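Student: For reference, the structure I am asking about is given below.
The values are calculated or read from the model by the stated rules, or taken from the named source; none is laboratory data. Remember, it's a predicted structure, so these values are computed and weren't measured experimentally. Using ideal geometry, Cβ is built from the backbone for each residue, glycine included, and neighbour counts are taken over all protein chains shown.
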Amino acid sequence: MKKIVCVTLMLFMLAGSALPVEAGEYLTYQNITFRRAGAKLLEDYSQSEYDQYVKKVERRRFWGWRTYTVMQNEPVTFQKDTLYVISNEGFSPIQKSYYFNVKGQGKLQVSATGNIGLTGAGDLRGFRLGLDAHIRPQVSYETTSQREERVDIRMTVDPRTTLRVEVFGEGKVTNGVAKYYRFWRNTRQGGWEVFVLTTEYFSIVKAVMPDDADVPDNDVDADTD
């Protein structure tokens, strides 16, 4: 009898525990912007919103997941990273050449809160206990064949000019909440999120420094072999 009581107490403690967010790489991007007003990332849910969504999965089951999808395939744009910033404060143009090896591949990233838990690493990361299979019908993505190409960029940075090379892109976000039941008891609970990368591209911007707005710009050439 004591063993049964101990097991029951452990299950309740597990169900109520809260762990930090286990996050995909996309949450380190410089910014992510939804196209639809009111859409938000899992990490931006308020406690009242989270509590409201969890009520959608309160009906118990003998074994397995109950899930509720809050946002489904919401389009986003993002600024991933700033690769280079070159400021020419002199009086002569600066010539620069760079090349990038660009890999194109459908990429899926996941994040979780509570004690749902993630497994795997990198592009192969997923959710524990088969949650992926339950939410897969909600996520729209295509896995493209991997390709690699070299992008050569030749740049002229004019006097009193700043040049920035940045990475932007587009994606889709699907998120919600879930509970996992064993023998009618809730043993795992939290939020889940899937980010699907659909497009990624370079942006090259030249800007004249504010104190000399009359300095002309030269061209920046980007060639793909």
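Student: Got at least one residue in the stretch 84-102 being outside any strand (DSSP E or B), on the phi > 0 side of the Ramachandran plot and either within 15 Å of the chain's Cα centre (by Cα) or not aliphatic (A, V, I, L, M) (or both)?
Tutor: No, because not a single residue in the stretch 84-102 is outside any strand (DSSP E or B), on the phi > 0 side of the Ramachandran plot and either within 15 Å of the chain's Cα centre (by Cα) or not aliphatic (A, V, I, L, M) (or both).
Student: Next question, about the same structure. I'm trying to understand the selection: among the residues of the stretch 173-189, which are in contact with a helix residue (DSSP H, G or I) (Cβ under 8 Å, 6 or more places away or on another chain) and under 8 Å from W63 (Cα atoms)? Quick ask: steps written out before the conclusion?
Tutor: As a first pass, look at the stretch 173-189 and keep what is in contact with a helix residue (DSSP H, G or I) (Cβ under 8 Å, 6 or more places away or on another chain): 174-180, 182, 185-189.
Residues satisfying the conditions are Y180, R182.
Conditions (1) exposed (fewer than 14 other Cβ atoms within 10 Å of the Cβ); (2) under 19 Å from Q109 (Cα atoms); (3) at pLDDT 95 or above, marked per residue:
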site: E25; (1), (2), (3): no, yes, no
site: V70; (1), (2), (3): no, yes, yes
site: E74; (1), (2), (3): no, yes, yes
site: K80; (1), (2), (3): no, yes, no
site: L83; (1), (2), (3): no, no, no
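Student: Restricting the first residue to the stretch 106-135 and requiring it to be closer than 13 Å to E193 by Cα, which pairs with a second residue that is aromatic (F, W, Y) and surrounded by fewer than 19 Cβ atoms within 10 Å (Cβ to Cβ) meet a Cβ separation below 8 Å and a spacing of at least six or different chains?
Tutor: Hits for this filter: L108/Y141.
Here's the yes/no breakdown for (1) over 14 Å from N175 (Cα atoms); (2) not hydroxyl-bearing (S, T, Y):
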position	(1), (2)
R60	yes, yes
N73	no, yes
T82	yes, no
I86	yes, yes
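Student: Yes or no: G38 on the phi > 0 side of the Ramachandran plot, part of a strand (DSSP E or B) and not polar (S, T, N, Q)?
Tutor: no
Student: Going by the structure shown, is E200 in contact with a helix residue (DSSP H, G or I) (Cβ under 6 Å, 6 or more places away or on another chain), surrounded by 11 or more Cβ atoms within 10 Å (Cβ to Cβ) and modelled with pLDDT of 80 or more?
Tutor: So E200 fails the test.
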